[in-house]
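Visitor: Okay, handing you the structure first.
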Amino acid sequence: MSAGLTTTSTMNTSTKLQLFLIDNLIWVLVVVFFLLNAALTPRFASYGNIVNILYHSAIMSLLVLAQGLVLINGRLDLSIESTLGFAPGIAMLLSMRIMPGLVGPVTAIFVTLLIGAALGWFNGVCIAKLKINPLLQTLATMIMIRGILLFIFPFSLFPLSPVYRWAGAGRLPGNIPVAIPFILIVFAVLHVVLQHTPFGRKFVATGGNPRASYVSGINVERMTIYAFMLAGVLAAMSGLLAAGRQGSVSNAMGEGMVLLSFAGALMGGASLQGGTGTPVGMLGGALLLGMFSNALNLLGVGPSLIYASKGGLIFLALLLDRARMRRRSYLLHKEQVEALGIEGISIHKQDEKNRRKDT
Amino acid sequence: MYPGTVALQDVSLDVRRGETHGIIGKNGAGKTTLVGIVAGLVQPTAGTIIINGTEYTDLSRIVAKKERVAIVPQEPQMVQDCSVAENLFMPDFPTRGGGLFMDRARLHTLAEQIVAKGRLSIDVRAKAGDLGIGMQQILLMLKASYVERAEIIILDEAFSSLSKNEETLFFEIMRDKKAEGCTILHISHRIDELLEVCDRMTVLRDGRAVATVRRDEVDKEKLSALIVGPLGLAGAAQAAPAPAAAAAPEQSPAANTPVLSVRGLSAAESYIDISFDVHHNEILGIAGLMGSGRTEILKSIYGMLPFDSGQIQLHGKPVRFSGPADALRHKVAYLPEDRDGEGLIASLSVKNNLVLSALRRICSGPFVSSQPETQLAHELAAGLELKFASLEQEVRELSGGNRQKVVAAKVMSTRPDVYLLDEPTKGIDIAAKAVLLRIIKQELAPGAAVVLTSPGLEELMQICDRILILHNGRLLGSIPRAEFREDLLYAAIQGQEVPLS
């Protein structure tokens with residue numbers, strides 16, 4: 001190895017540990033919050049309640065992942081909350097009223113996901129090819145499909161077939177809801193895809209700097225379309241779980257959930273600038289939101305105040321994120337100064353100040 | 001301006017009241033930094049500025065404005081959605097009601113008077129964004145002249161975006177101001193322009209003021225000689241490092257089919273009828289001023305910009321790339337001039353940036369496997385003598401020179417047959433520049449054809465086998481290595497008639 005070239009292995013352990021904790025801050029928060037509540041909140045740490053937290057976080061966590069993927073791509077998607085209602089709604093309408101012979105419950109599951117993919121494709125094409133602003137495009141889709149849903153569903157549709165309900169309401173041995181392993185698998189698969197496949201690398205790079213990615217030979221339009229299609233499919237999955245859990249489909253499913261999906265994704269490491277965040281981080285974000293409302297619930301706080309507190313939590317997370325980025329950049333800079341043998345800590349203290357001004 | 005470099009060193013300059021004083025020098029000579037200091041945009045590390053007898057160690061923009069110093073920048077900065085009149089008076093609008101409300105009627109009357117002084121016939125209510133860049137530039141000159149009533153006006157390459165007609169209009173405003181006793185500092189790298197408008201001019205070279213001359217003392221040739229310096233006049237043999245010069249004959253390009261050949265390439269408003277060949281093992285330089293079409297030509301070849309007519313041949317077969325992905329598939333790689341905008345993904349780690357264009361090579365099955373990935377990243381980094389603390393650190397933490405090396409390494413990782421290198425040495429320090437040039441010469445050229453542009457002629461002269469002269473989108477000639485002379489090249493890229501082969 002040539003001179004002046006150092007690798008992570010030469011970093012001292014304290015710096016490495018700090019960097020590890022900084023990069024996984026959301027999970028540090030999840031653990032701290034859990035331990036704190038386990039000590040203070042009655043019944044919080046029971047097996048039943050932990051399963052309960054995971055179960056109740058499942059639907060939101062898929063929506064967080066959907067939003068997170070679009071954010072990594074450098075865009076945003078408001079329409080996922082409408083897709084959550086629309087996809088299972090249409091699938092069940094086909095299965096139970098329009099063509100019950102043709103669309104059985106298993107086919108209905110595929111139809112649900114397909115509708116999600118189609119809506120995502122529509123958003124993606126309009127945004128990538130026609131260059132429509134993502135905020136406006138997905139706002140239009142959100143209102144459009146919610147409107148259609150309200151039109152064709154002035155009623156709730158139930159009872160749903162147990163097969164269709166299995167993912168959302170089924171239980172495994174040990175009374176574990178099917179939804180929990182279900183979302184864990186989804187998160188794991190997407191985490192591996194994003195971190196360890198060429199597609200994932202290109203996907204993240206596109207979000208970081210579309211122009212440079214294009215020059216590097218990446219088909220950035222296709223990456224954007226995939227991002228929205230993935231978001232659509234995940235939102236539809238989320239709808240599948242929601243429909244299964246409540247045993248019916250209705251026109252209000254998912255309403256108001258999109259804002260919290262941003263919260264979870266941003267807490268999990270995504271940024272509005274794109275190019276950052278991992279599915280595992282976002283799972284942490286979703287769990288923190290879930291634990292938070294669960295803890296307040298157990299403490300007897302009313303739903304309105306829980307909602308308000310969630311806002312406060314998001315704000316705190318954003319503040320923490322700024323501090324995190326500063327600390328990270330300081331550590332790496334210090335490491336670099338030491339590695340290159342540049343004189344004087346005073347220089348990088350000064351530098352650090354300037355950096356703060358920049359960001 | 002660029003960390004780790006000295007932009008200006010011990011420059012003394014006196015400008016007399018009422019004179020038009022030119023400042024000329026090559027790219028990187030320190031022109032913009034010098035006037036930045038006078039205008040209060042850049043803080044000097046040492047030295048003083050004396051304006052009308054008042055001495056300043058550094059000047060803030062506000063103090064400079066109080067001393068009636070105005071600057072007309074290279075890129076006009078106007079608020080595109082505001083009207084011409086609003087832009088002219090921003091931020092000191094005429095007001096009524098004790099300063100509470102903008103007095104629109106008076107604003108428009110005053111603006112109309114000012115526009116009339118510039119002999120323009122434009123509607124002051126029109127949006128600034130609807131005017132051409134040149135017209136916006138003229139309006140900024142009018143603003144400096146008649147709204148800020150500056151006594152010292154700095155023109156920072158203000159002519160580079162003007163058309164012929166606009167130039168005439170601009171000259172007339174300068175003449176009016178001169179008659180009023182206004183002092184003008186005029187920066188340019190165009191010799192003709194300077195000789196036309198300036199009384200005296202100061203030549204900067206490598207951050208030092210080498211001479212101040214009166215217009216009647218010099219002609220084009222003398223001025224070019226001053227700008228490039230004695231080293232430039234000495235010719236290629238001395239300017240180039242010895243090993244490269246010695247190696248030149250045996251490395252002479254093969255006489256067979258060119259790897260890349262361009263025939264009659266034209267794109268409206270960028271370049272016309274461009275033809276050249278590049279062979280295996282050859283470095284072809286394209287020399288031209290900013291705006292001469294260098295970047296556009298390379299981007300058109302790479303498929304990023306469309307062209308209207310002409311043909312590109314790769315290994316003798318006509319090609320037309322639909323975009324970068326297509327070009328890379330055909331083993332043509334492009335290093336963008338805009339390092340941070342088009343070269344790097346700031347939020348990703350050094351490692352992820354390095355391997356981004358070579359992901360297929362480090363895969364096993366459907367996955368990127370981490371050991372070959374780290375190995376490739378290390379190889380690339382070592383090859384370019386890249387300095388970093390960790391492969392996992394984000395690329396934005398690196399210095400400019402190291403960021404440039406990351407972009408270069410990424411381009412190299414694709415192992416292309418043709419390298420299109422657009423200003424690879426832009427904005428980096430001398431040490432990094434030397435490393436990059438050496439790598440282009442020793443590592444890239446032996447296996448490929450290289451097309452290179454650069455803002456500085458020395459760099460091209462150091463490593464190129466041939467230099468094409470580009471002026472206003474036309475190729476004026478091709479100069480083989482044996483005939484490199486910096487003064488002639490400098491004159492040639494200005495569009496002057498010089499004996500070219």
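Visitor: Is region A:106-188 rounded, prolate or oblate when judged by the Cα gyration tensor, a ≥ b ≥ c being the square roots of its eigenvalues, rounded requiring a/c under 1.5 and prolate requiring a/b larger than b/c?
Guide: oblate
Visitor: Nearest 10 degrees is fine. How inclined is helix A:279-298 to the longest principal axis of chain A, computing both from alpha carbons?
Guide: With both axes taken from Cα atoms, the answer is about 70 degrees.
Visitor: Does anyone have the angle between helix A:80-93 and the longest principal axis of chain A? Alpha-carbon axes, 0 to 90°, nearest 10?
Guide: 30
Visitor: Could you work out how far the C-alpha centroid of region B:69-141 sits from that of region A:133-169, in angstrom?
Guide: Answer, in whole Å: 53.
Visitor: Still on this structure: Can you give me the accessible area per residue for region B:301-370, using a 1.4 Å probe, in Å²?
Guide: On a per-residue basis, region B:301-370 sits at 42 Å².
Visitor: Can you give me the accessible area per residue for region A:148-206, using a 1.4 Å probe, in Å²?
Guide: On a per-residue basis, 49 Å².
Visitor: Return the carbon/sulfur percentage of the accessible area of chain B, one whole number, probe 1.4 Å, all protein chains in place.
Guide: Carbon and sulfur atoms account for 51 percent of the accessible area of chain B.
Visitor: Oh, and also: Quick one: buried accessible area between B and A, total over both chains, 1.4 angstrom probe, nearest 100 Å²?
Guide: 3000
Visitor: Another one. What is the set of long-range amide H partners of residue B:260 at a cut-off below 5 Å, with H atoms built 1.01 Å from backbone N?
Guide: Amide H neighbours of residue B:260, under 5 Å, 5+ apart: B:278, B:315.
Visitor: Here's something else I'd like to know. Classify region A:125-284 from the C-alpha gyration tensor, please: rounded if a/c falls under 1.5, else prolate or oblate depending on whether a/b exceeds b/c.
Guide: Verdict is oblate for region A:125-284.
Visitor: Could you work out how far the C-alpha centroid of region B:32-66 sits from that of region B:331-386, in angstrom?
Guide: Each part's Cα centre sits 44 Å from the other's.
Visitor: On to the next question. Going by the alpha-carbon gyration tensor, a ≥ b ≥ c the square roots of its eigenvalues, is region B:385-430 rounded (a/c under 1.5) or, if a/c is not under 1.5, prolate (a/b greater than b/c) versus oblate?
Guide: oblate
Visitor: Given the -39500 (n - 2.57) contribution per DSSP H run of 4+ residues, what per-residue ellipticity at 222 nm results for the protein assembly as shown, rounded to the nearest 500 deg cm²/dmol?
Guide: After summing the helix terms and dividing by the residues of the protein assembly as shown, the value is -16000 deg cm²/dmol.
Visitor: Using only Cα atoms, find the angle between the long axis of helix A:345-358 and the longest principal axis of chain A, and express it within 0 to 90 degrees, rounded to the nearest 10.
Guide: Tilt relative to chain A: about 40 degrees.
Visitor: So how strong a dipole does chain B carry about its Cα centre when Lys and Arg Cβ are +1 and Asp and Glu Cβ are -1, to the nearest 20 debye?
Guide: That gives a dipole near 480 debye.
Visitor: Just for the protein assembly as shown, what percent of DSSP beta bridges are antiparallel, to the closest 5?
Guide: For the protein assembly as shown, the DSSP antiparallel bridge percentage is about 50.
Visitor: Based on DSSP H assignment, which helices of chain B show an axial Cα extent of at least 15 Å together with a mean Kyte-Doolittle hydropathy greater than or equal to -0.5?
Guide: Answer set is B:104-117, B:220-233, B:400-412.
Visitor: Moving on. Principal axes first, then extents: for the Cα atoms of region B:28-110, list largest minus smallest coordinate on each axis, whole Å, largest first.
Guide: 47, 29, 17
Visitor: Taking the Cα centre of region B:387-447 as the origin, how large is its charge dipole in debye, to the nearest 20, when only Lys and Arg (+1) and Asp and Glu (-1) carry charge on their Cβ atoms?
Guide: 140
Visitor: Hey, what do the phi angles of region B:451-458 turn into as Karplus ³J(HN,Hα) couplings, whole Hz, using 6.51/-1.76/1.60 and θ = phi - 60°, x for Gly and Pro?
Guide: 10, 10, 10, 7, x, x, 6, 4
Visitor: Averaging the inverse of every distinct alpha carbon separation and then flipping it gives the Kirkwood radius. What is it for region B:359-500, in angstrom units?
Guide: 17.1 Å is the Kirkwood radius here.
Visitor: I've got another one for you. In debye, nearest 20, what is the charge dipole magnitude of region B:261-355 about its Cα centre with +1 on Lys and Arg Cβ and -1 on Asp and Glu Cβ, if you could check?
Guide: Dipole about the Cα centre, nearest 20: 400 debye.
Visitor: Still on this structure, I have one more. Count the DSSP beta bridges whose two residues both fall in chain B, then state the antiparallel fraction as a percent rounded to the nearest 5.
Guide: Close to 50 percent.
Visitor: Relative to 2.2 N^0.38 Å, what does the C-alpha radius of gyration of the protein assembly as shown come to as a ratio? Two decimals please.
Guide: Here the answer is 1.12, to two decimals.
Visitor: Next question, about the same structure. Would you please report the Å³ per residue occupied by the convex hull of the alpha carbon atoms in chain B?
Guide: 180
Visitor: Further question: Once amide H atoms are placed 1.01 Å from N in the peptide plane, what residues at a sequence separation of 5 or more from residue B:20, or on another chain, have their amide H within under 5 Å of its amide H?
Guide: B:184, B:199, B:200
Visitor: Toward the positive end of the charge dipole of the protein assembly as shown, about the Cα centre and with charges on Cβ (Lys, Arg +1; Asp, Glu -1), which of B:382, A:182, B:230 goes farthest?
Guide: Checked the options; the winner is A:182.
Visitor: Given the C-alpha atoms of region B:292-417, compute the convex hull and give its volume per residue in Å³.
Guide: Taking only Cα atoms, region B:292-417 has a hull volume of 128 Å³ per residue.
Visitor: What FRET efficiency comes out for residue A:135 versus residue B:116 if R0 is 35 angstrom and r is the Cβ-Cβ distance? Round to the nearest 0.05.
Guide: E between residue A:135 and residue B:116, to the nearest 0.05, is 0.20.
The values are calculated or read from the model by the stated rules, or taken from the named source; none is laboratory data. On a predicted model such as this, the values are computed, not experimentally measured, just so you know. Please note: Cβ atoms are built from the backbone with ideal geometry, for glycine as well, and neighbour counts cover all protein chains shown. Keep in mind that these areas ignore ligands, DNA and RNA; they rest on the heavy atoms of the full protein, side chains included. Shrake-Rupley method; radii C 1.70, N 1.55, O 1.52, S 1.80 Å.
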